[in-house]
Structure formats: C-alpha cells, structure tokens
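One structure below.
The values are calculated or read from the model by the stated rules, or taken from the named source; none is laboratory data. As the structure is a computational prediction, the values presented were derived from the model and not from experiment. Neighbour counts are summed over all protein chains in view; Cβ atoms, including those assigned to glycine, are modelled from backbone coordinates with ideal geometry.
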Amino acid sequence: MLVRPLSGREPAISLPRGSVDAQMHMYLPGYPALPGGPGLPAGDLPTPAQYRQLMAWLGIDRVIITQGNAQQRDNSNIVACLAEMGDVASGVAAVGADVSDAELDQLQQAGVVGLRIMDLPGGATDLSALETLDAKAYARGLMLAIQFDGSKILEHETRLAALKSRWVFDHHGKFFAGVTPDSPQVAATRRLIDAGNCWFKFAGVYESSKSGGPAYEDVAAIARLLAAHAPERIVWGTNWPHNLAREQKDYPDDAALLETVLSWLPDEAALQRALVDNPEELFALPAFREATA
C-alpha cells in the first residue's frame, strides 16, 4: 500500500514567508471518482489534514487547490476542501464551456480563482472550450490553468496569444516529444510569456522528463532558460499528492524534489518572485500577512 511521507528532513532551500504551492490536489471522503477520469489517488485519501502536515514540513504558507481529474467537472470536493482549509487556500475549478453564471458565482464565493483546461487523456475540459472560458474568466477576473502536450504548442500558439485572461502554462509545458533550449516550441513559449499575461509553472517534472530523476536534466535545461528569461513569470507547485504514483517506489521525496526544482531559479530574488510575488499576481491573491497563515 502506498504511504505518503508527511514529514522528514528540513529542505536545504528555505521557502520565503508567504510561499504559495500553486499546484496540488486534495480530497475528502464522500466524493467518489466519476466516469471519464483516472480514479482517486492510490493509498490513503490525501486529505486537507495530511496536506497541513506537508505545509509544516516544507514551509508552505498558502495553497492553490486544483480540481483533480478523478471528479471531472463536479467541483464539490474542492469546494469542501477550500472550506476546510480556510483563508490559506484558493481553488482552480474544472467547468465546461456551458457553465452557468450561477455556478461560477458559487465557485468564486467558495474561493475559486481560476478555471482549468486539461487537453490530455482523463482531462475534464479540453482546448475546444478555450475561447469561451477565456471570455468568462476575463469578465470575472479569473485566471486559466492550461495543460496540454507542449510539443504541439506551435499548433495552438495563435489561439493562446489571443487570450485576454491571465493564464499559466502548466506542468513545465509537458513537452512529451522532448525539446531543447533551441527548439521552436521553447521559442513559442518565450513569445507567449513575453506577451505579459502568461506564466510558466514548475510542477510535476517527473510527468514529462525523458532523462528522469533525480536531476531531470532535460526539463531542467528549459526551466533554467525560462527562469532566467522571465523570473517574473515563474510559479511553483509541489504537485502533491503525486497522483500518477501508484506504488511506493514511484513516490518522490518531497524535500528532495523541492530542492531540485527550486535550484533551477537563478537567485534568491527569483525564489521570492516564484513563490510569493508571481502567484499573488497570477491568482489575484491578497498580499500575504502573517495572521492569515
């Protein structure tokens, strides 16, 4: 049975106060997986109480709870998790192009600050909804979290460049075909970032790396390039509870993973930006105050 470690050695990289985990999932009992999704994570249900322990271990102060694919477009679970977590948490929901204003009102009142598009197997909403959800998000001040096979970014660049909302290119771009710093897909990513409303998320490196851990050098080369190019456009997430891990041998060491990924940032100023300033701007979060933690 898979067991998620929730404590351990202190990471060698200390997170700045107000740090935001911009990508993770959590679950409460009573919210089953729905058809079309990948099922709930292996092992014990990764609950808000477990995540609180991870926050204390790694030094995280705030969190963005992303709707997991298991529950598709039924956001009841993350709404419940947001209520459980309180002021330290905000959410990214999965909705369809036909989502009603009433549902969006309810989600925003619950703490949802963004909408998710995942154009990969098991995803609840694909790129066919991009323009419609962009219009709805922009009208409400919401952001978009967009995930697809970044190897195909040249096919989508024109549409992405036309987005009005703040948006983040998820999971290190997921360039499944493999890219190098000189690849046209990376040039396209830089163009989108330079437009001013696109961020790039460091999360889930193991999901697309071909060279593998612990160094993930292929993804690291792109991450270092983009972090140096636009430190004001990088955000970071733990990707806890690492939903693709079905066996213990596949489960990462969260402290070691944090150290590896955050080492790709060029300096302490970039660390402050990626973990505090940038997510505040992307997710429209209030400035961090100690009393809210």
(request) Check 114, 122, 173 and return the single one that is in a strand (DSSP E or B) and either of a type outside the set (D, E, K, R) or over 24 Å from residue 73 (Cβ atoms) (or both). (result) 114
(message) Looking only at residues that are under 27 Å from residue 277 (Cα atoms) and in a loop (DSSP other than H, G, I, E, B) in the range 176-208, which one is nearest to the chain's Cα centre (by Cα)?
(response) 203
(request) Starting from the range 135-149, take each residue that is within 13 Å of residue 101 (Cβ to Cβ) and at pLDDT 95 or above and list its partners that are aromatic (Phe, Trp, Tyr) and buried (at least 17 other Cβ atoms within 10 Å of the Cβ), counting only C-beta distances under 9 angstrom and pairs at least six apart or across chains. (result) 137/167
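Looking at the range 101-113, is at least one residue farther than 21 Å from residue 168 by Cα, in contact with a helix residue (DSSP H, G or I) (Cβ under 6 Å, 6 or more places away or on another chain) and surrounded by fewer than 21 Cβ atoms within 10 Å (Cβ to Cβ)?
Restricting attention to the range 101-113, the residues satisfying the condition of being farther than 21 Å from residue 168 by Cα are 101-103, 105-106, 109-110.
In the following step, the residues that additionally are in contact with a helix residue (DSSP H, G or I) (Cβ under 6 Å, 6 or more places away or on another chain) were identified as 110.
Checking the rest, the ones that are also surrounded by fewer than 21 Cβ atoms within 10 Å (Cβ to Cβ) come to 110.
For the range 101-113, residues farther than 21 Å from residue 168 by Cα, in contact with a helix residue (DSSP H, G or I) (Cβ under 6 Å, 6 or more places away or on another chain) and surrounded by fewer than 21 Cβ atoms within 10 Å (Cβ to Cβ): present.
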(request) Please go through the range 174-219 and pick out each residue that is of a type in the set (S, T, N, Q) and closer than 25 Å to residue 20 by Cβ. (result) 189, 197, 208, 209
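Based on what the data block shows, is residue 238 among the β-branched types (Val, Ile, Thr), farther than 20 Å from residue 115 by Cβ, at pLDDT 95 or above and outside any helix (DSSP H, G or I)? Give the derivation first.
Working: among the β-branched types (Val, Ile, Thr): yes; farther than 20 Å from residue 115 by Cβ: yes; at pLDDT 95 or above: yes; outside any helix (DSSP H, G or I): yes.
Here the answer is yes, as residue 238 does meet what is asked.
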(request) Quick one: in the range 45-85, of everything that is touching a residue at least 60 places away in the same chain (Cβ under 8 Å) and outside any helix (DSSP H, G or I), which residue is surrounded by the most Cβ atoms within 10 Å (Cβ to Cβ)? (result) 68
(request) Pairs only if they're at least six apart or on different chains, beta carbon under 6 angstrom, first in the range 97-111 and modelled with pLDDT of 95 or more, second outside any helix (DSSP H, G or I); list them, first residue then second. (result) 107/93; 111/90; 111/91
